[in-house]
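Okay, so here's the structure we're looking at.
The values are calculated or read from the model by the stated rules, or taken from the named source; none is laboratory data. This structure is a prediction, so every number in the text was calculated from the model and none was measured. FYI the Cβ positions are ideal-geometry reconstructions off the backbone, even for glycines, and counts take in every protein chain you see. Heads up: the accessible areas ignore ligands, DNA and RNA and are worked out on the full protein's heavy atoms, side chains in. Shrake-Rupley method; radii C 1.70, N 1.55, O 1.52, S 1.80 Å.
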Amino acid sequence: MNFSLTTAIIATLALSNNATAQNKAADREPQIQNYSVDFEAKLLSDRRNRGISDSFNRPGAQLTMTAVHGSGLIGLMEVGTVSKDVFPDSNGALVLGALGYRWGNHDGWHFGVGLAREWFPDAKVNDAPTGFDETFTPTGSTSTRFHTTYAVLEFGYKLLEGRYLYVTSEDLRGNNTATLCGGAYLPAILAGGDPTKGIACFNQGFKHTGGSHLLDFDIKYPINGQTKLTGHLGYQKLHNFSDGDLFDYKFGLIHTRWGLDFGAEIVGTSLKNRDLAVVTAANGSVKKLDQTIVLLSLGKRF
């Protein structure tokens, strides 16, 4: 299953054109806006995905556009920054496109279905080993990209929002035997350290992570007209690699003043094998990307 960002953009424009045509046809009737297009720009002290840093524990930024039609159709496009140390050879950007349909009562039960796609332009891992023989000589290699497609089911009740995602692409963000086993254990193998875990990982054969399951629950509870409490719980079941299973969480406050949203949230994750969150930069520096942090954000909606 493939989903094109161009499709999302065309669909969003079509919603706008359709609404314009309807307004012209009924120009003698009271005008009721049947669609909305909203933007949000945000600066963050760290860009996290499921509690793990996409920005190598550095600040990041993102711009989000959401288009909603009165019929229930919704389109979303988001552009954010990522680290080239986390996503090798990338141009430092992540593009997310989504298209779906929502129905129900916002003050009661409500649901949605859709497709989403993440693009990591130019990002790739070339010629990563897929296995080793008894002399620790690579038995094969492969190249991997990070693009990911999701089937999405949304559900919620009043302020509580839930989301289930099923990975329909070959891999979830490029995770497979070559990148997971190689990224976590290959340095130890090449350095002459204990190769036991690495060899065991490679000996499973070459496997992909398509078919992974992701689940999220989010809530924003208004304290008053300017401040909201935020909460998030997430779960990831990584297909073929139980070491990548995790629970992630986030809770904090968002305060609106002077037309800006100020956020402060505690963000963390419980990854089954924390070795998978250790990344070595091109300059040789090593960082753990799953540490619990206080994430600060500054957003502007328009």
For the stretch 137-166 and the stretch 207-241, distance of Cα centres in Å
12 Å
Ranked packing of 70-81, 216-227, most packed first, by mean Cβ within 10 Å:
70-81, 216-227
Evaluate 2.2 N^0.38 Å with N set to the residue count of the chain, then give the Cα radius of gyration divided by it.
1.11
Partners for LYS207 among aspartates and glutamates (Cα-Cα distance below 15 Å; same-chain residues under 8 apart left out)
GLU170, ASP171, ASP243
Of all the accessible heavy-atom surface of the chain, with the other protein chains kept in place and a 1.4 Å probe, what percent is carbon and sulfur?
59 percent
Ordering of 158-164, 131-137, 110-116 by packing [mean C-beta count within 10 Å, highest first]
110-116, 158-164, 131-137
So what is Rg over Rh here for the stretch 146-302, counting just Cα atoms and using Kirkwood for Rh?
1.05
May I ask you to order 262-270, 279-287 by the average number of other C-beta atoms within 10 Å around their residues, highest value first?
262-270, 279-287
